[in-house]
Amino acid sequence: MLAWELAARLAADGPAPAVVLIDSATRADPAPGGRLSELKQQVLLSATSALGTVAADEVVATVDAHVEAVARHRVTVRHDGPALLLACGEEEVTERLGDWTGLGAQLRVERLPGGHFDVFSAQTLPVLLRHLDRFLDDTFEPGGRR
């Protein structure tokens, strides 16, 4: 959300920057309620396995702050510069992720295998990097921007 909003504001004063969104949504899940403690556990497990020993209270505080910020905001501003949305899951892009398509003329959506917490796993990262390489190759020419 932050990258999109910032890119839209920067484009008002100059060329529209490229944006990469990784499994991002334009608005908060309408009903995280009962799933919030499950989400915190997933984040804690993911952080612990990726970073080794981490302070659980710091991870949970970060999740709480993120959930609160996302719940208060919904992206509605257009950004017509180049944009790549890397969406997790093999199913069709959900309605929540699909909201991005009405907000950008140059939005490209690519799929990543696995779920949100698998994005930087050994299985998913090579796929992410291939999509990113293609996006950058299509967006930038040698010596500058298109």
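The values are calculated or read from the model by the stated rules, or taken from the named source; none is laboratory data. From a predicted model like this one, the values you see are computed outputs, not experimental measurements. Note: accessible area is taken over every heavy atom of the protein model, side chains too, but ligands, DNA and RNA are not part of it. Shrake-Rupley method; radii C 1.70, N 1.55, O 1.52, S 1.80 Å.
Residues 26, 62, sorted by accessible area with the largest first, give 62, 26 [1.4 Å probe; ligands and nucleic acids excluded].
Taking 0.36 nm per residue of sequence separation and removing the Cα-Cα distance, the residue 105/residue 42 pair yields an extension gain of 19.3 nm.
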